[in-house]
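To start, the structure under review is shown below, and the notes come after it.
The values are calculated or read from the model by the stated rules, or taken from the named source; none is laboratory data. Please read all numbers here as calculations on a predicted model, not as lab measurements. Counting neighbours? That spans all protein chains shown, and the Cβs are built from the backbone with ideal geometry, glycine included.
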Amino acid sequence: MKPYILWFGRFKGQSVERMMFDHAGYSYLRFILREFNDKPQLLARIREVMQRGEQPRIVTACPTCGTPATHIVAAGDDREGFSFEAEGWCEAHCPEEHRRQKMPLKFSSVARFVMPSDQASFLKNLRDHCGLGRERLTAERACDFFFPA
Ligand SMILES: [Zn+2]
């Protein structure tokens, strides 16, 4: 699969798959879904990528039981901002308490955060759990992540 490149707008030249990892890009994709009815191919690709982003391939494991992580802990609140603990957990073992919420490791969780800085750090954290943290995330790498060979 080849990256799907936008040909208009403020993200012109960027790929749909790469934009998923950028909070402004992700929000622009949601804007396209809402506002652009005349681009069926593009809409289909965004829907496909977002659907795959609901069950991303996670490389980290729950420290308690060793199954693939599905959740992380977001500590803080909407006023002060959140910080994210590096560890990923399965849902059952994910610690949740006052000001520490468990958050599913999927792309749509980003919509839970009000502050752009929180959205950005959530996506960075998710990216680490997807094993994409270190090397530069090119359009090709992002595409291979959503559409593995
Ligand atoms: Zn577990």
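Observations on the model:
- Only one of 90, 62, 143 that is crowded, with 18+ Cβ neighbours inside 10 Å and either within 16 Å of the ligand (Cβ to nearest atom) or free of Cβ contacts under 8 Å to residues at least 40 places away in the same chain (or both): 62
- In summary, residue 24 fulfils each of the numbered conditions (1) within 16 Å of the ligand (Cβ to nearest atom); (2) in contact with a Lys or Arg (Cβ under 9 Å, 6 or more places away or on another chain) with the single exception of condition (1).
- Test for residue 25: is it of a type outside the set (A, V, I, L, M), outside any helix (DSSP H, G or I) and modelled with pLDDT of 95 or more: no
- Candidates in region 93-110 are the residues that are surrounded by fewer than 16 Cβ atoms within 10 Å (Cβ to Cβ) and free of Cβ contacts under 8 Å to residues at least 24 places away in the same chain; of these, the one that is nearest to the ligand (Cβ to nearest atom) is 95.
- Some residue of region 50-59 being among the β-branched types (Val, Ile, Thr), more than 15 Å from the chain's Cα centre (by Cα), more than 20 Å from residue 14 (Cβ to Cβ) and within 16 Å of the ligand (Cβ to nearest atom): no
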